[in-house]
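Novice: I'd like to ask you about the structure that follows.
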Amino acid sequence: MSKPRNSKLTLLKGRAVSETMAEDISEELGIDYCPRTVKDFPDGETYCHIKRSVRGDECFIIQPTCRSEDCGINNNLWELLIFLDTLKRASAKKEKLTAVIPYYGYGRQDRKTTGREPISAKLVANLITTAGATRILTVDLHAGQIQGFFDIPVDNLSAAFRDIIGKAVNKIIERAGENNLVIASPDVGSAKKTRKISGKFNKEMVIIEKERRNGKVKALNLIGEVKGRDVVIIDDIISTAGTLTEAVRLLKEKGAERVWAAVTHGIFAGEAIERIENSPIEKVFVTDSVPLLPKVKQCNQIETVRIGHIIGKAIRAIYEERSVSEMFPHT
Ligand code: R5P
């Protein structure tokens, strides 16, 4: 590492980090994870213990706040908070305690859409800061303004997201050829992000107008032309896959040839896998920001793009006090 430092870099992982991501981050940085114990008591309380001294260390705790194979989102969020508290009380270096959150849960509850609703994304930001985090490193926040919910620095790897999605689009082009490829935004809200990708690839863009009523998604209108063309849908999250499969249905109805998707966070809640399997979609690319459930790994239509090395590089840049955004000059 270029800059000599007094404090050691200490890497910790919670139980929700995907295996591939944990492996890639540790490999990128060339260090092992700090030994720790984390378990649930019979009554459901979480217990953490860090098994060596971290006094004066610059610590990075990695934990996505999403569901994992056997834990819900709230337990995994709580585990992150307890780890932060543990590190703070173990005298980790002040001002150098980074919460690495590859997927920021509750990010979609970022505003009140009607009276008497919470702004849970802000509540989560308050909790994480109160627990002791002094910096956040995250990937492709659902809404950029969530950065402003924190009064500590936030590195939102959105440029990395364009790089990752770009890799998926390149794979699609390699396999499918260009065939008048068109980039699609599955809803009006994502149009701005999608435009950056279509600009990067110098491709046309179409927009789908959708509505969600009582939790059920319906793709209503298509702005643009897809007849006889191949389409790549770009999105930040697949949860129930309602948005994605409805978009595919409408695109096919409007004459699209083949449809792919490149999505950052694969939650795959409820019937998502069944929906994808019953959809005429060619392939869905997702990153490993969220741990992959066995049924996701078994689904032939889903392919993973590993992003741990990118997060590892960002951790190194933070540790060496170098620019994070300059890591992605081409995006
Ligand atoms: C919406 O604003 C997001 O970008 C995603 O399109 C949405 O959250 C996906 O949810 P689902 O898979 O449940 O339709």
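Novice: Of all residues in the stretch 11-55, which are closer than 21 Å to Ile267 by Cβ and open to solvent by 80 Å² or more (accessible area, probe 1.4 Å)?
Specialist: Within the stretch 11-55, Arg15, Glu19 qualify.
Novice: Going by the structure shown, is Asn202 part of a loop (DSSP other than H, G, I, E, B), at pLDDT below 95 and closer than 29 Å to Ile310 by Cα?
Specialist: Working: part of a loop (DSSP other than H, G, I, E, B): yes; at pLDDT below 95: yes; closer than 29 Å to Ile310 by Cα: yes.
Against the criterion (part of a loop (DSSP other than H, G, I, E, B), at pLDDT below 95 and closer than 29 Å to Ile310 by Cα), Asn202 qualifies.
Novice: Which of the numbered conditions does Val290 fail, given that it passes all the others? Conditions: (1) closer than 16 Å to Ile267 by Cβ; (2) surrounded by fewer than 20 Cβ atoms within 10 Å (Cβ to Cβ); (3) in contact with a Phe, Trp or Tyr (Cβ under 7 Å, 6 or more places away or on another chain).
Specialist: (2)
Novice: For residues in the stretch 194-210 being touching a helix residue (DSSP H, G or I) at 6+ places or on another chain (Cβ under 8 Å), more than 21 Å from Gly255 (Cα to Cα) and open to solvent by 30 Å² or more (accessible area, probe 1.4 Å), which is nearest to the ligand (Cβ to nearest atom)?
Specialist: Lys196
Novice: I need the full set of residues from the stretch 293-310 which are surrounded by fewer than 18 Cβ atoms within 10 Å (Cβ to Cβ), in contact with a helix residue (DSSP H, G or I) (Cβ under 6 Å, 6 or more places away or on another chain) and in a helix (DSSP H, G or I), in order please.
Specialist: Lys295, His309
Novice: Can you name the residue in the stretch 59-113 that is aromatic (Phe, Trp, Tyr) and closer than 17 Å to His265 by Cα and is also most open to solvent (accessible area, probe 1.4 Å) among such residues? Walk me through it before giving the result.
Specialist: As a first pass, look at the stretch 59-113 and keep what is aromatic (Phe, Trp, Tyr): 60, 78, 83, 103-104, 106.
Adding the requirement that they be closer than 17 Å to His265 by Cα leaves 103-104, 106.
Details: Tyr103: 16, Tyr104: 14, Tyr106: 68 Å².
That would be Tyr106.
Novice: Now, a different point. Is it true that some residue in the stretch 177-184 is open to solvent by less than 20 Å² (accessible area, probe 1.4 Å) and under 23 Å from the mean Cα position of the chain (by Cα)?
Specialist: Residues of the stretch 177-184 open to solvent by less than 20 Å² (accessible area, probe 1.4 Å): 181-184.
Applying the additional criterion that residues be under 23 Å from the mean Cα position of the chain (by Cα) yields 183-184.
There is at least one residue in the stretch 177-184 that is open to solvent by less than 20 Å² (accessible area, probe 1.4 Å) and under 23 Å from the mean Cα position of the chain (by Cα).
Novice: Within the stretch 260-280, track down each residue that is touching a residue at least 40 places away in the same chain (Cβ under 8 Å) and over 19 Å from Leu292 (Cα atoms).
Specialist: Residue satisfying the conditions is Trp260 alone.
Novice: Just one of Gly215, Gly224, Gly228 is near the ligand (Cβ under 9 Å from one of its atoms) and more than 18 Å from Tyr103 (Cβ to Cβ); which is it? Working first, answer last.
Specialist: Details: Gly224 fails: near the ligand (Cβ under 9 Å from one of its atoms); Gly228 fails: near the ligand (Cβ under 9 Å from one of its atoms).
Testing whether each residue is near the ligand (Cβ under 9 Å from one of its atoms) and more than 18 Å from Tyr103 (Cβ to Cβ) leaves just Gly215.
Novice: Please find, among Gly255, Gly270, the residue that is of a type in the set (Gly, Ala, Ser), outside any strand (DSSP E or B) and either away from the ligand (no atom under 12 Å from the Cβ) or over 23 Å from the mean Cα position of the chain (by Cα) (or both). Steps first, answer last, please.
Specialist: Working: Gly270 fails: either away from the ligand (no atom under 12 Å from the Cβ) or over 23 Å from the mean Cα position of the chain (by Cα) (or both).
Of Gly255, Gly270, the one residue that is of a type in the set (Gly, Ala, Ser), outside any strand (DSSP E or B) and either away from the ligand (no atom under 12 Å from the Cβ) or over 23 Å from the mean Cα position of the chain (by Cα) (or both) is Gly255.
Novice: Report, by residue number, each residue of the stretch 236-252 that is touching a Ser or Thr at 6+ places or on another chain (Cβ under 8 Å), more than 10 Å from the ligand (Cβ to nearest atom) and not aliphatic (A, V, I, L, M).
Specialist: Arg249
Novice: Can you tell me which residues in the stretch 71-100 are free of Cβ contacts under 8 Å to residues at least 12 places away in the same chain and under 19 Å from the mean Cα position of the chain (by Cα)?
Specialist: So the first thing to find is which residues in the stretch 71-100 are free of Cβ contacts under 8 Å to residues at least 12 places away in the same chain, and the list is 72, 74, 89.
Selection gives Gly72, Asn74.
Novice: Another one. Tally the residues that are touching a Phe, Trp or Tyr at 6+ places or on another chain (Cβ under 7 Å), open to solvent by less than 10 Å² (accessible area, probe 1.4 Å) and more than 16 Å from the ligand (Cβ to nearest atom), restricting the search to the stretch 114-167.
Specialist: So the count comes out to 4.
Novice: Residue by residue through the stretch 246-283, note down the ones that are at pLDDT 95 or above, touching a Pro at 6+ places or on another chain (Cβ under 9 Å) and open to solvent by 10 Å² or more (accessible area, probe 1.4 Å).
Specialist: If the condition is that a residue be at pLDDT 95 or above, touching a Pro at 6+ places or on another chain (Cβ under 9 Å) and open to solvent by 10 Å² or more (accessible area, probe 1.4 Å), then Glu246, Arg249, Lys252 are the ones that fit.
Novice: Could you tell me whether any residue of the stretch 15-31 is part of a loop (DSSP other than H, G, I, E, B), among the polar types (S, T, N, Q) and modelled with pLDDT of 95 or more?
Specialist: Step one: filter the stretch 15-31 for residues part of a loop (DSSP other than H, G, I, E, B), giving 15-18, 30-31.
This time we only want the ones that are among the polar types (S, T, N, Q), so: 18.
Going one step further and asking which of them are modelled with pLDDT of 95 or more, we end up with 18.
Yes, the stretch 15-31 has at least one match.
Novice: Within the stretch 211-230, take every residue that is on the phi < 0 side of the Ramachandran plot and at pLDDT 95 or above and give me the one that is least open to solvent (accessible area, probe 1.4 Å). Give the derivation first.
Specialist: Residues of the stretch 211-230 that are on the phi < 0 side of the Ramachandran plot, as a first pass: 211-213, 216-223, 225-227, 229-230.
Still in the running and at pLDDT 95 or above: 221-223, 225-227.
Values: Asn221: 77, Leu222: 33, Ile223: 98, Glu225: 123, Val226: 2, Lys227: 152 Å².
This residue is Val226.
Novice: Which of the residues spanning the stretch 134-143 are closer than 12 Å to Tyr104 by Cβ and in contact with a strand residue (DSSP E or B) (Cβ under 7 Å, 6 or more places away or on another chain)?
Specialist: Correct list: Ile136, Leu137, Thr138, Val139, Asp140, Leu141, His142.
The values are calculated or read from the model by the stated rules, or taken from the named source; none is laboratory data. If you're wondering where the values come from, they're calculated on a predicted model, not measured in any experiment. Cβ: placed from backbone, ideal geometry, glycine included. Neighbour counts: every protein chain shown. Side chains are part of the model used for accessible areas, which takes the heavy atoms of the whole protein and leaves out ligands, DNA and RNA. Shrake-Rupley method; radii C 1.70, N 1.55, O 1.52, S 1.80 Å.
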